[in-house]
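Q: Here's a structure for you.
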Amino acid sequence: MHKPRLTLGIETSCDETAAAVYQEKKGILSNVLFSQINIHKDFGGVIPELASRSQLEKIGSIVQSALKHAECSFTEIDIVAVTNRPGLPGSLLVGVCFAKAIAWAAKKKLIGINHLEGHAFSSFLEHKVPFPHLCLTASGGHTSLYLIKEFGEYEILGETQDDAAGEAFDKIAKLMDLPYPGGPVIEQLAATTHFKDFFQYPRHKSKTLDFSFSGLKTAILYDLVNKNAYNMKLKKFLKKDDELLKKQVASSLLVCIADIFEQKLARAIMQYPHIKAITFVGGVAANNYITNRLHAFSKKHGLLFFTPSRQYCTDNAAMIAFVGNYKASQGKFSSWNLDIFSTE
Ligand code: KG4
Ligand code: ZN
């Protein structure tokens, strides 16, 4: 009998060092991660040089820990799947060089994975999602809508023309002197005012399925200037202690972004009426308010709704190992010339 395929996934595209083991029959056996949030927190964003140095320091022990938690040795692994695009070049290089070295030395097959394909299929780690479906991916670097037809077969229907949704949360949080990453803090503040839409920020109403969030950021900035809460010349938030204002901005922002997501999904459903489900993935999908809104929206339209649990919404190697497993079953392996790409 054929021994179930074992895939080691490695993810180092940004500020997390992650490794996971996926078994063809049993699914995820381990999922280990080191987050660099504490390294970058004080800068309000990721510093690429610090990110790659930390990747280098952690990669060996994180991979060993993933194997240990999966109770397997590296000799039992069949495939090494590694994120090779898109991401920070220095961070990607650490993962790809490490993966190539161990795979070559131990004669394993190597597969380069697109990080966004990992997110797009992350719902499958815990759910059986029917094809075809729509997938809304919202992370710190990307906001895209896909039509997913089969494993590895997808079409991009729309993407952000400027900032990503997560980036909007991060930048607006920074504007109000709130810590990085902005999404979780904004959600906590918004919950205290029961997600009311105080300031009705503009919803971008284009006829396409593309997104745009930089206008929203500017609208909030000017609204804060008008409220004498922000000084443009000094680039300074003047109401450090005004907790109520921060809560109202956070709540209005969250409702606005959920509305924009619903608008785009409604448009996509009209164009692709044969879809069976909606999935919501990426770091922003860790947001309970938006997830609940999109769940209710899907139900209203007679569609199934799936979102990964929090650990698989934000960056992780389980989704990379999962994609590596189906690519292996399709015979899609990479050569030893596998390179990294900062863009998609
Ligand atoms: O997918 P991810 O971990 O990394 C990227 O590939 O970018 O996403 C990180 C993003 C950050 O912008 C962060 O603010 C956002 O996800 N995020 C959230 C929440 N948790 C993380 N946004 C909204 N609500 C949350 N609870
Ligand atoms: Zn990501």
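Q: Within 10 Å, count the other beta carbons around each residue, average over each peptide in 15-27, 199-211, 121-133, and list them highest first.
A: 15-27, 121-133, 199-211
Q: Oh, and also: Would you work out which of 305, 202, 83 lies farthest towards the positive end of the dipole of the chain, given +1 charges on the beta-carbon of Lys and Arg and -1 on that of Asp and Glu, about the Cα centre?
A: Value computed over the given set: 305.
Q: Same structure again: Tell me the carbon and sulfur percent of the accessible area for the stretch 129-307, rounded to whole percent, probe radius 1.4 Å.
A: Numbers: 4240 of 7970 Å².
It is 53 percent, rounded to a whole number.
Q: Return the percentage of antiparallel bridges among DSSP beta bridges fully within the chain, rounded to the nearest 5 %. Before the final figure, lay out the partial values.
A: Values: 28 of 47 bridges.
If we restrict to bridges inside the chain, about 60 percent are antiparallel.
Q: Let me ask something else about it. About the Cα centre of the stretch 129-307, how large is the charge dipole given +1 on each Lys and Arg Cβ and -1 on each Asp and Glu Cβ? Please answer in debye to the nearest 20.
A: On the way: 22 positive and 18 negative charges, 101 e Å.
Around 480 debye, computed over the stretch 129-307.
Q: If you don't mind, there's one more thing I want to ask. Using per-residue counts of other Cβ atoms within 10 Å, averaged over each peptide, order 303-312, 276-285 from highest down.
A: Descending packing order for the listed peptides: 276-285, 303-312.
Q: In Å², and per residue, what accessible area does the stretch 129-307 have when probed at 1.4 Å with the other protein chains present?
A: Values: 7970 Å² over 179 residues.
Each residue of the stretch 129-307 exposes 45 Å² on average to a 1.4 Å probe.
Q: Considering amide H positions built from the backbone, and no H for Pro or chain starts, which residues 5 or more places from residue 158, or on another chain, come under 5 Å of its amide H?
A: Answer set, sorted by chain and number: 145.
Q: Using 18 Å as the cut-off for backbone N distance, which residues of the stretch 88-113 belong to the label zone defined by a point 7 Å from the Cα of residue 336 along Cα→Cβ?
A: Answer for this model: 96-112.
Q: Evaluate the distance, in nm, between pseudo-label points positioned 7 Å from the Cα of residue 57 and of residue 128 along their respective Cα→Cβ axes.
A: About 4.5 nm, to one decimal.
Q: Among 105, 258, 164, which one shows the highest mean-square fluctuation when the chain is modelled as a Gaussian network with alpha-carbon springs under 10 Å?
A: 105
Q: Looking only at the stretch 129-307, where both bridge partners belong to it, what percent of the DSSP beta bridges are antiparallel (to the nearest 5)? Walk me through the numbers on the way to the answer.
A: Working: 14 of 23 bridges.
Taking every DSSP beta bridge with both residues in the stretch 129-307, the antiparallel ones total about 60 percent.
Q: Continuing with the same structure: Rounded to a whole number, what % of the accessible area of the stretch 1-110 do carbon and sulfur atoms account for, probe 1.4 Å? Display every interim value, and only then the final one.
A: Numbers: 3040 of 5240 Å².
Carbon and sulfur: 58 percent of the exposed surface of the stretch 1-110.
Q: Where the only charges are on Cβ atoms (+1 Lys, Arg; -1 Asp, Glu), what is the dipole of the chain about its Cα centre, to the nearest 20 debye? Let's see the in-between values first.
A: On the way: 39 positive and 33 negative charges, 82 e Å.
My answer is approximately 400 debye.
The values are calculated or read from the model by the stated rules, or taken from the named source; none is laboratory data. All of these numbers come straight from a predicted model, not from anything done at the bench. Because the Cβ atoms are built from the backbone with ideal geometry, glycine has one as well, and the counts that use them run over all protein chains shown. Please note that ligands, DNA and RNA were not included when accessible areas were found on the heavy atoms of the full protein model with its side chains. Shrake-Rupley method; radii C 1.70, N 1.55, O 1.52, S 1.80 Å.
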